[in-house]
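Single-structure report; data block below.
The values are calculated or read from the model by the stated rules, or taken from the named source; none is laboratory data. Here the structure is a predicted model, which means the values were calculated and not measured. Note that we place each Cβ from the backbone using ideal geometry, even for glycine, and neighbour counts take in every protein chain shown.
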């Protein structure tokens, strides 16, 4: 059970706390994303697991904190915090950039000889050893905003308010810098099973690119394709809940 300090940890939003749940699911958001984006998912999973939605620095209740523009650094910081939460069996779910962060956190657990998550769900994220051919983090503010509008991962109402739009830009640029400069070695693997998830019309992370996560696990791999694009997760909450809970103990 986490310490009282961990309960108030800014790294996690715990929308439906349940220390008596049989398992714990950790959700790692996408670039520019926040914990609250996954509130509906957390609510749907609540009957089956205690859910920790990760809150990266520089957004929402952490606006005043410095952003982190490195996937390995972000993962190391999260690993140190998640060691407080291993009282229940862990499952990681990472979407887009969050898939890479979840993978690197799992590698931190393995590095230190700790059990870590029982499995990883990597959603809408290219295999970590694939080269990155995008440079969104180098675009102007308007260019970055245009990209997230294209992908559909941010509430348009926020983007329409100049003051709110200005608040999200530093975190957005840091996240895109982190994922677009990240590349794992082809021999970086985790012992946990990996389940790759992808939207069938996603051109940002195709089924072929997600399938190559198989190279990065010694625990077995499966691929599931959902209707929708890069943010299929917003439309497939029920199907995702069924899939994640089916793998819990």
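Some observations on this one:
- Residues that are touching a helix residue (DSSP H, G or I) at 6+ places or on another chain (Cβ under 8 Å) and at pLDDT below 95 do occur in segment 63-83, at least one of them.
- Condition broken by residue 210, with the remaining ones in (1) part of a strand (DSSP E or B); (2) within 27 Å of residue 68 (Cβ to Cβ) satisfied: (1)
- Single condition residue 144 does not satisfy, out of (1) surrounded by 15 or more Cβ atoms within 10 Å (Cβ to Cβ); (2) within 30 Å of residue 109 (Cα to Cα): (2)
- The residue list 208, 166, 200, 180 contains one member that is loosely packed, with under 15 Cβ neighbours inside 10 Å and in contact (Cβ under 8 Å) with a residue 24 or more places away in the chain, which is 200.
- Conditions (1) modelled with pLDDT of 80 or more; (2) outside any helix (DSSP H, G or I); (3) surrounded by fewer than 22 Cβ atoms within 10 Å (Cβ to Cβ); (4) in contact with a helix residue (DSSP H, G or I) (Cβ under 7 Å, 6 or more places away or on another chain): number failed by residue 192: (3)
- Qualifying residue in segment 43-62 (condition: within 14 Å of the chain's Cα centre (by Cα), at pLDDT 95 or above and part of a helix (DSSP H, G or I)): no
- All positions within segment 92-126 that are more than 10 Å from the chain's Cα centre (by Cα) and assigned to a helix (DSSP H, G or I): 104, 105, 106, 107, 108, 109, 110, 111
- Residues in segment 8-42 that are in a strand (DSSP E or B) and either in contact with a helix residue (DSSP H, G or I) (Cβ under 6 Å, 6 or more places away or on another chain) or within 22 Å of residue 243 (Cβ to Cβ) (or both): 13, 24, 25, 26, 27, 28.
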